[in-house]
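What follows is a short report on a single structure.
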Amino acid sequence: MNKFIVIFLLFLNANLYSQAGSDFVIKTSKATLTLNDRNNISISDNKNLVHLELNVQDLWTITLVNKSNRRNELVLDNKSSFRTEKSHQKIKFYANEIKLVDIPTSVSAEFVIEVKNDAFYFYGNLSSSSEDWIIKSLEYPKLPNIKLGGNKSNIYWSDGLGLQFNSAVEFGESRTLDYPSRSATMPWYTINSDDIGIYVGAHDSTQHTTNITLSRIENTNDFETVINTPINEKEYIMPEFVVKLYEGSWHNAAQFYRSWYDENFEVANGPDWVINDTGWLLAILKQQNGNVMWPYRDIDKLCDIAERFNLTTIGLFGWAIGGHDRLYPNYLPDPLMGGERELKEAIKRAHARGIKIVIYANGKLIDTSTDYYKYRGIETIAFGADKKPRMSFYVKHNNLSPVIFTLACAGSELWRETMHDLALQAHSLGADGILYDQIGVYSPELCYSTYHDHKPGQSDSPFRLQMMREIREDLKARNPDFVVMTEASNNSVLREIDYTHGVGAGYAPSNNVFPDLYRYTFPELMATQRNPNPLLTKTDANFALLYGLKYEVEIRYTADVQYIIKGKTPNEDSYWNVNYPPDISKMQSMSMEESANYVHSLIEFKNTHGNFLKRGKFISDEGITIKGKDVIARGFTNDDELGVVVWNKNEIENRNFEIQVSGYKHKSSHHPSKQKVKKNSLLEPNSIRFLIFEKSN
Ligand SMILES: [Zn+2]
């Protein structure tokens, strides 16, 4: 019975201050941190609009696992001897061999708060000198009381492309950034109140798994926050967790994070064809139930549809023997759909029309009915803490039994090779790229397999990045224009991904979405919007133009095909046995022809102004002031010029607007129908205008 004992070390009443005395202060240009002789820390800006209070005993929690001690109840030690050392702009708390009441641990700890880069940096290290004690996890810093004194708090949250909340109440009880994943694309958030903001982020050059939680304190407008890191190691050098108080808008927080990112990483540069690509038609050729909607020869028809919408890439999903979401990772060309030769020839014909082809693979799923699972599963699959395989189920049709998948771990060399082989196959088929579904999606769940390149209890997220790097480097050597894609972005995979299939918050209009956060921090991102419908409404198309996303149309089910090919408008019964159907009300609102014509003209307009809208730099609304109900504007710079997309979101009424851009003067105004327009004339319902400004001297 080797029962593990988990000990929570709370440094209650610790002998923290052998050097007790008067207040000790460290300062940035905008904020002061004070440590008093009662162990209290306060941080506030010079106007006291942002104010944090805590006691040092609450600043961290370490969780240890003892491998040899069989007792499962232990009294918390309140006599640990943490000492304090104060020096210029720096405070250190440290202890050797933290003691429990009757058990000495072998763990030493050091926690530092230091002023650097005009911010407060929280870092340190933990180490165990014996194999008996493992550091399971760390919570640091824990900031239990953040008050914002301004009139209105805006919370900017790195979920997907971004979320924005206009108050603590709107933010809700609690949210966690489980980084890196589709719902935690960057490990930081910021809260702005009036003209003061607080930035909280993890600056970790290993991009280790980090959980940042922000919670509203019940019945108040105040917050508490904690950064939690799973460790499962004997030693741990903490990255820098940064708290910065700053003046001005959220853009300053984004710039601060980006300048750190640039010191450590580079964003992948895709080939020119991706920059110029207008977007993609996603087509499932064969569904999970075996229904073939498009044999390989019909890729010609998909090219016709793509051209109707002005889309220049086709994503082939469900293209292999198992159809979509079945028999993974067996992606063999299907003889019943025409075989490998017909597929290759169809790809060549698409190329002759100027259309790129990307083929699908899933970077995480293994179908348990395959021989691959039976014979290679033990080496490749992710195991949970309970030593059971991590499972996932996908049911596309309700009259079928669920397809049972296990999750693969990229920490397995064999899995990385399996994925690599699929890229080589895609290249040999003549495709322009491969999409690894879900690689950018999943949270970094911990894998306890002993067969992998990580230690048990660690996440595979660094190996997802390694897998993409290995594949991308090899394929680029064979064809520099070959692209590696994934579904969903985060700023870890962003280093090795040429093109992203958007999914998650901000890739489509919805409440609280704020695509600006990620797009402004990483304007290089090449991503499609997410639109699981065989048409694009005007609203969805205008949204993509405003935020510099590429267009997407999806054809996934038989009723989608009938809508696209036969013009048949669906009703509720059309998708009766299908899960995840498209938005039927959108399909009922306009015909495929109406949608295609609008999207075609909008893409033509985007191409005309491609210096801004394709090759310019997205700057969100920085420096742009727009007045007018329902009207929003976003900018794209190109050298000394700035292009601004203005959108009247109201679907029924005309709208007035006034716009000013700091440091620029108006040059010309444009409309997708190519009629001449005046800068400030009425905007028609749900319409776009494009204004070009030049720098004023
Ligand atoms: Zn693993």
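The values are calculated or read from the model by the stated rules, or taken from the named source; none is laboratory data. Please read these numbers as outputs of a predicted model, since none were measured by experiment. Positions of Cβ are backbone-derived with ideal geometry, glycine not excepted, and every protein chain shown enters the neighbour counts.
Summary table below
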quantity	calculated
Output for the range 392-418, where each listed residue is small (Gly, Ala, Ser) and not in a loop (DSSP other than H, G, I, E, B)	Ser392, Ala408
Given (1) over 24 Å from Glu266 (Cβ atoms); (2) surrounded by 19 or more Cβ atoms within 10 Å (Cβ to Cβ); (3) within 15 Å of the ligand (Cβ to nearest atom), number of the condition Ala431 does not satisfy	(3)
Any hit, the range 290-311, residues being assigned by TED's automatic domain parsing to the domain that holds Phe522 and under 25 Å from Glu496 (Cα atoms)	yes
Number of the exception - Trp415 against (1) farther than 30 Å from Leu64 by Cα; (2) more than 10 Å from the ligand (Cβ to nearest atom); (3) of a type outside the set (D, E, K, R); (4) touching a Pro at 6+ places or on another chain (Cβ under 9 Å)	(2)
In the range 453-466, the residues that are touching a strand residue (DSSP E or B) at 6+ places or on another chain (Cβ under 9 Å) and either within 8 Å of the ligand (Cβ to nearest atom) or in a loop (DSSP other than H, G, I, E, B) (or both)	His454, Lys455, Pro456, Gly457, Gln458, Asp460
Qualifying residue in the range 299-318 (condition: buried (at least 20 other Cβ atoms within 10 Å of the Cβ), under 30 Å from Tyr448 (Cβ atoms) and out of contact with any His (no Cβ under 7 Å at 6 or more places or on another chain))	no
Residues of the range 512-535 that turn out to be assigned to a loop (DSSP other than H, G, I, E, B) and farther than 17 Å from Asp583 by Cα, as a count	8
Check on Phe405, under 30 Å from Trp576 (Cα atoms) and surrounded by 14 or more Cβ atoms within 10 Å (Cβ to Cβ)	yes
Check on Ser158, modelled with pLDDT under 95 and either charged (D, E, K, R) or in contact with a helix residue (DSSP H, G or I) (Cβ under 7 Å, 6 or more places away or on another chain) (or both)	no
So Val503, is it surrounded by 24 or more Cβ atoms within 10 Å (Cβ to Cβ), in contact with a strand residue (DSSP E or B) (Cβ under 8 Å, 6 or more places away or on another chain) and in contact (Cβ under 8 Å) with a residue 24 or more places away in the chain	no
Tally of residues being assigned to a strand (DSSP E or B) and among the acidic types (Asp, Glu) across the range 173-214	1
The range 392-412, subset of a type in the set (Val, Ile, Thr) and without any contact (Cβ under 8 Å) to a residue 60 or more places away in the chain, residue farthest from the ligand (Cβ to nearest atom)	Ile404
From the options Glu622, Glu651, residue that is in contact (Cβ under 8 Å) with a residue 40 or more places away in the chain and surrounded by 14 or more Cβ atoms within 10 Å (Cβ to Cβ)	Glu622
Residues of the range 102-128 satisfying the condition of being of a type in the set (Gly, Ala, Ser) and under 21 Å from Pro456 (Cβ atoms)	Ser106, Ser127, Ser128
Residue check, Gly440 outside any helix (DSSP H, G or I), on the phi > 0 side of the Ramachandran plot, within 21 Å of the chain's Cα centre (by Cα) and more than 16 Å from the ligand (Cβ to nearest atom)	no
Qualifying residue in the range 323-336 (condition: in contact with a helix residue (DSSP H, G or I) (Cβ under 8 Å, 6 or more places away or on another chain), in the same structural domain as Phe482 (by TED's automatic domain parsing) and among the hydrophobic types (A, V, I, L, M, F, W, C))	no
Residue identified as in a loop (DSSP other than H, G, I, E, B) and either in the same structural domain as Ile688 (by TED's automatic domain parsing) or touching a Leu at 6+ places or on another chain (Cβ under 8 Å) (or both) among Ile652, Ile632, Ile619	Ile652
Failed item, numbered, when Asp195 is tested on (1) out of contact with any Gly (no Cβ under 8 Å at 6 or more places or on another chain); (2) at pLDDT below 95	(1)
The range 443-452, residues that are within 24 Å of the chain's Cα centre (by Cα) and more than 8 Å from the ligand (Cβ to nearest atom)	Ser443, Pro444, Glu445, Leu446
Flag for Ile134 being at pLDDT below 95 and either within 23 Å of the chain's Cα centre (by Cα) or in the same structural domain as Ser205 (by TED's automatic domain parsing) (or both)	yes
Residue within the range 238-252 that is more than 18 Å from Trp157 (Cα to Cα), in contact (Cβ under 8 Å) with a residue 40 or more places away in the chain and among the polar types (S, T, N, Q) present	no
Members of the range 300-341 found to be within 30 Å of the chain's Cα centre (by Cα) and over 22 Å from Pro534 (Cα atoms), listed by number	Gly322, Arg326, Leu327, Tyr328, Pro329, Asn330, Tyr331
Odd one out for Asp421 among (1) part of a helix (DSSP H, G or I); (2) among the acidic types (Asp, Glu); (3) within 16 Å of the ligand (Cβ to nearest atom)	(3)
Tally, over the range 555-585, of residues that are buried (at least 22 other Cβ atoms within 10 Å of the Cβ) and under 31 Å from the mean Cα position of the chain (by Cα)	5
So Asn211, is it in the same structural domain as Tyr94 (by TED's automatic domain parsing) and among the polar types (S, T, N, Q)	yes
Output for the range 358-391, where each listed residue is in a loop (DSSP other than H, G, I, E, B) and either within 14 Å of the ligand (Cβ to nearest atom) or not charged (D, E, K, R) (or both)	Gly363, Lys364, Thr368, Ser369, Thr370, Ala382, Gly384, Ala385, Lys387, Lys388, Arg390
